[in-house]
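Every number in this text was worked out from the coordinates using simple rules, so none of it is lab data. What you see is a predicted model; the values in this text were computed from it and never measured. Neighbour counts run over all protein chains shown; Cβ positions are idealised from the backbone, glycine included.
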Amino acid sequence: MLQKKICMVGAFATGKTSLVARYVQGIYSDKYQTTVGVKIDKKNISVSGQDLNLILWDIHGEDEFQKIRMSYLRGSAAYILVVDGTRRDTLGTVFQLQSKVEDTIGKVPFITMFNKYDLSQDWEIGEEDLEELTQRQWLYCMGSARTGLGVEECFIKLAQMML
Amino acid sequence: MLNLPEPIVTFLCSIVVRDRFPAYLQISKAGVLLAFGGACDRYGLDHLHLHQSVDDQIFFLTGLLPLQEPAMHMPFLQIAEGVIAEIHMFAEPEDDWIILCDATLENAKHVLIQQKVNDLSLLRREQAKSLGHSMHPDVAAKTILDIQPTGEQKSLAILVAKCCSTAELDAQTTQANPLRKLDAYLSTVSPLILDEGGIIHQNIGNSIVAVFGALPSTRIAPKQAIAASIRILEACEDQQHSQCALVVTTGIVTVGLLQVGFGKTLTVIGEPMDLAVNLNKNSEAETLIIDKPTFDQLDQMQRSFMPTSLSGRSASAAPLYSYCKL
């Protein structure tokens, strides 16, 4: 079976671990538990008649104390940039991270996921932010690890881009 | 090599074997498992088959082999439920070697600290958001800010952070748009100021003015302002394309709430504010300039500052100090 490594990348507390837990196990917890290092999970899927084994690397969030080791990204076939839509500064973090990732592993498919879309009253992402992503030709989607909105679709879309 | 007696080496090895549950894998450049041993089952690596591809057996190695560099280290990798492995990988001419050691306890310690750091950072952000948007300024001043809404004299530290990398507007290149650059700069700088207990007072052109000491804190205001400044310098260094010039002054100011337009805003008047804004005009990129009252309150951190002068400033003016990374 074809195996593909996918990395989850973004600032801390954007919901990377929750997105993986929602996608792989179908579960969600409101309790925030920080990740130190990497948690690896896997999920078998079938896309366009092709069986795929996705190896999901949930990498700790970037902050001033924990910088992401780019060696974690070696061999990635794709990655998801996770933004917390209720903290606009986390979009700035993924802009920085994306160029570092591309320097390390080259151009591979990626999607920007705006997580926590269920918290619409706290939403800080504006039209101009989405416009910037469009100008950069970045694919993006809205989602929520809490409700499951857009999560499966995001991974499937990325899998299709890898094939 | 360290000149260690054999009993010491033996003892240290026995500790590693006893406490860290080492395991190893030897894998050919073609990705075939040549040998394995140690506590493999601890890492979920049971039922391994020799002379077969590792792709289907050891999923965390997907994409990593053959090694492109002489060695690779991954300190915390959770590959089995409840067990965190520290992984060392190194390349030999014919094979790649992988060593796994248990790092669960070490990881738990890091998680404890990181969790507190992240929780605090999120909490401060929420507080700042409440101050700025949700709470009535009078209520905020009485309950959260350590000031009288009608005004009072208070010792505060003032930080002015100027973004130096904005160019003129170029309609042809959207990403070089100075407003976007400034926006990215403000997004980077603002959380760092809030994290260190500061309040963003206002934006003037391409500068942010922040005050420290208006929120209750166990640290003195100048130290909070310097901590924020050093973090801003480091963040700008990380971003490569951003450059900033920082000034911190300290002293007695009049602080209170003034009706501006339809709402009340925090207002700070006094010599330290004027000095910070004036100094910032002439300060150069990648510098942190502080005044003497700030310097006098820094204790051991004084070692990181050297006397300096600014162009256009008279020699008889009060001394200034410049940050030098140790």
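Spin-label pair B:Lys116-B:Thr104: with each label point 7 Å from Cα along the Cα-Cβ axis, the two points sit 2.4 nm from one another. Charge dipole (Cα centre; +1 on Lys/Arg Cβ, -1 on Asp/Glu Cβ; no other charges) of the protein assembly as shown amounts to roughly 640 debye. Rounded to the nearest 10 degrees, the angle from helix B:221-239 to the longest Cα principal axis of chain B is 60 degrees. Helix B:6-20 and the long axis of chain B differ in direction by around 80°, with both axes built from C-alpha atoms. Close amide H partners of B:Leu320, meaning residues 5 or more places away or on another chain with modelled amide H under 5 Å apart, are B:Thr308. The mean of 1/r over all distinct Cα pairs in chain B, once inverted, gives the Kirkwood hydrodynamic radius of 24.2 Å. Listed by number, the DSSP H helices of chain A that run 18 Å or longer by alpha-carbon position along their axis and have mean Kyte hydropathy of at least -0.5 are A:89-105.
Length gained on full extension, B:Val16 to B:Ser309, computed as 0.36 nm times the residue gap minus the Cα-Cα distance: 100.0 nm. Rounded to the nearest 5, what % of the DSSP beta bridges within the protein assembly as shown are antiparallel ones? Rounded to the nearest five, the antiparallel share is 75 percent. Mean-square fluctuations from a GNM of chain B, with a 10 angstrom spring cutoff on Cα atoms, peak among B:Pro272, B:Pro178, B:Pro66 at B:Pro66. So what does the Cα-only Debye profile of the stretch B:1-106 read at q = 0.18 Å⁻¹, as log10 I(q)/I(0), no solvent term? These q points yield log10 I(q)/I(0) values of -0.91. Reducing the stretch A:140-163 and the stretch A:8-51 to their Cα centroids gives an inter-centroid distance of 11 Å. Helix B:271-282 axis versus longest C-alpha principal axis of chain B: approximately 60°, rounded to the nearest ten. Dividing the alpha-carbon radius of gyration of the protein assembly as shown by the rule-of-thumb value 2.2 N^0.38 Å gives 1.13.
Residues considered: A:Gln66, A:Gln121, A:Gln50. Largest GNM mean-square fluctuation over chain A, using C-alpha springs under 10 Å, is found at A:Gln121. Computed on the stretch A:2-162, the Cα convex hull volume stands at 107 Å³ per residue.
Just checking the listed ones, A:Arg22, A:Arg136, A:Arg74: in the Gaussian network model of chain A with Cα springs under 10 Å, the one fluctuating most is A:Arg136.
The three principal axes of the Cα atoms in the stretch A:1-79 give end-to-end lengths of 42, 30, 15 Å, sorted in falling order.
Computing FRET efficiency as 1/(1 + (r/R0)^6) for B:Ser28 and B:Arg219, where r is the C-beta to C-beta distance and R0 is 41 Å, gives about 0.15. By DSSP, the beta bridges lying fully in chain B are antiparallel in about 95 percent of cases.
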